[in-house]
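Asks: Following this message is one structure expressed as structure tokens.
Readers should treat all values here as calculations from the given coordinates under stated rules, not as data from a laboratory. In this text the structure is predicted, and so the values were computed from the model without any measurement. Please note: Cβ atoms are built from the backbone with ideal geometry, for glycine as well, and neighbour counts cover all protein chains shown.
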Amino acid sequence: MDRLLLEDLLKIERAAMTQLDLTPEDLQLESSGADPFADLAHGSTANDQGGRRPLVVFGPAINSGFAIGEDDVWRCKRYEVMVICPTSYHLAIYRCGLDFLTGGMQSVETHEYHYTDVVAVSTNTRPAPDLVLEILAVIDGDQVRFASTLLKEFQIVVSSGDRSKVVVGISDEENPDNSATLQDSGINRVIDTVRKVLRDKKGGTAVLS
């Protein structure tokens, strides 16, 4: 399942670059030997494309059905994916939904912002009392017994108030230590990289909360 998700994410990464009309040379990112999808590839370097690559964040879509395997990791029917492309003059973002069962992309949208318009890069936790978690398969029922659900979201916010966001965490409001183990999207690396780009381009520090 992880390898299938990896293939879908690489397809979305390529689609984002094409739709935003960008090449790897346009990206203001340092080339890295680290594979952002190493966990999904289980250490394989077969998917290593080398050179500069955009930043990709993914997480469960709201109300997506999920299954929990023997490794305790939550895997979903639907994901939200954000591809972040910093260039020399703007921040380009590609967002879409991914239907994991079919590999289809849904609700595709693109945004292009001048760096001066980006006011915050944040992680925000909010209650989701109406969220219904559709359980497809579960090994241990205690893993999903949340009294009240909290969602942790990664957000890029611009001066107009618009925000691009992806869920990167799910936990129990009454017991935050009781949280879902999601597939790793390298969110900490993404936040650090975007903040560094904004510092370089704006001469200040992006807000992180």
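Asks: Collect residues whose amide H, placed 1.01 Å from N in the peptide plane, falls under 5 Å from the amide H of T149; neighbours closer than 5 in sequence don't count.
Replies: A128, E173
Asks: Then there's this: Test of understanding: what is the full-extension gain from R199 to E112, defined as 0.36 nm times their sequence separation minus their Cα-Cα distance? The partial results should precede the final answer.
Replies: Numbers: separation 87, 0.36 × 87 = 31.32 nm, distance 1.81 nm.
Gain on stretching R199 to E112: 29.5 nm.
Asks: Right, next: Among the GluC sites (Glu not before Pro) in the stretch 148-209, which ones are in a DSSP loop with at most 12 other Cβ atoms within 10 Å of the Cβ? Mind listing them?
Replies: Numbers: sites: E153, E173, E174; in loops: E173, E174.
Of the GluC sites (Glu not before Pro), the ones in loops of the stretch 148-209 whose Cβ has at most 12 other Cβ atoms within 10 Å are E174.
Asks: Sort 100-109, 87-96 for me by packing, meaning the mean count of neighbouring Cβ atoms within 10 Å per residue, highest on top.
Replies: For the peptides 100-109, 87-96, the packing ranking is 87-96, 100-109.
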